[in-house]
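The values are calculated or read from the model by the stated rules, or taken from the named source; none is laboratory data. Quick caveat, the model's predicted, so the values are computed rather than measured. Every residue, glycine as well, gets a Cβ built from its backbone with ideal geometry; the counts of neighbours run over all protein chains shown.
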Amino acid sequence: MQGFKRVYDELYGFIRLGGVVLGVVDTPVFQRLRRVRQLSAAYLVYPGATHTRFSHSLGTMHLMNKLTSRLVQEGYIPRDEAEALSLAALLYNIGVFPFAHSLESLYLEMDKELDNKYLASLILEKTEIRDVLSDWGYTPSEIIGLIKGEGKTRYSVLLRGDLDVRKLDYLRRDTLHTGVAYGMIDVDRLLETISLDENGDMVVDIKGLRAVENFYVARLHMYQSVYYHKTIIGYELLLRLIYRRLMEELPEVAETLSSRWLREIVETGDIVYWDDEWVFSRLYVALSSERVSRDVKKMIRDFLDRNGPRILVDLSRLSMKPPSPSDYEELRNYRERLEGAVPGESIHLFADSIPVFRRKPVYIRVRGRKLSVDSKELDALPFYLPRYYNVLRIYVSPDYRERARDLLFGPQKPASPL
């Protein structure tokens, strides 16, 4: 009979592992997550942000266990569904890419299907995790359906909703490791007041309204202060550019950006070692290769030495609407003014629009009624929040920053010695 283990988590204390969960965690392909940072390049800004997808996965499962245990007792969820949801919470990140915030987008450029869910499906179907699941009566398709939000279950909102256990874990965990004070949320209050209705919608009792309000504000602030921090994004753009150039100069790197290669490393078991250290090893090899150009080697040294792109133009703002065509046009106009004076590869454009409310809304139960958390009738803080955080920026390589700044904004006066 398989025993139990306890893992000490920095947020929740001891997390107990046993049965199918312990079998999954002990597989080498799950242990890979110990070597994939949760926040990609954020450690270059926040030195403590070296926590991993491994700890986040255990924390997400732990919160799912706490939530579904109560929901089972209160009759909202069958016990067998609760166990499957805990497994899906544990395995949600199994297909994460090394330096995911930088490199996954390159795979998506090759093929829009090549995301972490694609890789998770391969891993669950073709590695020893499939056998562990089978031994305990589960199928890969059952778990991957919950991860993708597919299938007939109406409970996946707990894992893929606007207010789900993944977000409850990573907001607290990322806050702790970055040291910022904006992501603190009342997880215990939320876990005690969340329920599901007959439509599968997440409903929070009115007693949890303040905690829900704080959740939305905290998430918005974390997007501004951490997830879309201007310097972190700069390094992610630089790493993406480095890999694009290495694809052009080294066929063995280009080969790795394909569905065929991903499938091959899963089937051979080499996926176990496809982690952040693998990425660094490719950079180190490129530095000593005669086939890699001098300018690419300089980019690699800039990344490793923390001498990345500097922000030049920042049009980011909170808004009730996504960016307009004129916003994008303004960004392009800035770039056109730089062309010719600054090499094209030294200019980095970044544009994204992050909705404050994602997926299905959270509902608040008020005296038997169900109101959307952002409804005017409820008159809660989410009604007054902006709907989007629009990020529109231009970065420039440090060697050209002064030239680009002078070109756009005129010569800068020297700082006063006082």
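Across the stretch 204-217, which residue is nearest to residue 371 (Cα to Cα) among those that are surrounded by fewer than 20 Cβ atoms within 10 Å (Cβ to Cβ) and within 25 Å of the chain's Cα centre (by Cα)?
Across the stretch 204-217, the extreme among qualifying residues is 213.
Of everything in the stretch 338-360, what is more than 13 Å from residue 394 (Cα to Cα) and not aromatic (Phe, Trp, Tyr)? Give them in sequence order.
340, 341, 343, 353, 354, 355, 356, 358, 359, 360
Name every residue in the stretch 331-383 that is free of Cβ contacts under 8 Å to residues at least 40 places away in the same chain, closer than 22 Å to residue 231 by Cα and not basic (Lys, Arg), in order of residue number.
Once the filter is applied, which keeps residues that are free of Cβ contacts under 8 Å to residues at least 40 places away in the same chain, closer than 22 Å to residue 231 by Cα and not basic (Lys, Arg), the stretch 331-383 yields 344, 353, 355.
Just checking, does the stretch 52-67 include any residue being within 15 Å of the chain's Cα centre (by Cα), in a strand (DSSP E or B) and within 28 Å of residue 178 (Cα to Cα)?
yes
Please give the number of the condition residue 196 fails out of (1) at pLDDT 95 or above; (2) surrounded by fewer than 21 Cβ atoms within 10 Å (Cβ to Cβ); (3) out of contact with any Gly (no Cβ under 7 Å at 6 or more places or on another chain).
Residue 196 satisfies all of (1) at pLDDT 95 or above; (2) surrounded by fewer than 21 Cβ atoms within 10 Å (Cβ to Cβ); (3) out of contact with any Gly (no Cβ under 7 Å at 6 or more places or on another chain) except (1).
Out of the stretch 68-78, which residues are part of a helix (DSSP H, G or I) and either over 18 Å from residue 192 (Cα atoms) or of a type in the set (Ser, Thr, Tyr) (or both)?
68, 69
Of the conditions (1) buried (at least 22 other Cβ atoms within 10 Å of the Cβ); (2) assigned to a helix (DSSP H, G or I); (3) not small (Gly, Ala, Ser), residue 109 clears all except one; give me its number.
(1)
Find the residue count for the stretch 257-288, including only residues that are within 26 Å of residue 115 (Cα to Cα) and either in a loop (DSSP other than H, G, I, E, B) or touching a residue at least 12 places away in the same chain (Cβ under 8 Å) (or both).
Total meeting the criteria: 20.
What about residue 246, is it more than 27 Å from residue 388 (Cα to Cα) and outside any helix (DSSP H, G or I)?
Considered against the rule, which asks whether it is more than 27 Å from residue 388 (Cα to Cα) and outside any helix (DSSP H, G or I), residue 246 comes out as no.
Could you say whether any residue in the stretch 231-250 is within 17 Å of residue 358 (Cβ to Cβ) and modelled with pLDDT of 95 or more?
Checked the stretch 231-250: no residue is within 17 Å of residue 358 (Cβ to Cβ) and modelled with pLDDT of 95 or more.
Please go through (1) over 15 Å from the mean Cα position of the chain (by Cα); (2) modelled with pLDDT under 95 for residue 104 and return the number of the only condition it doesn't satisfy.
Here residue 104 meets the rest and fails (1).
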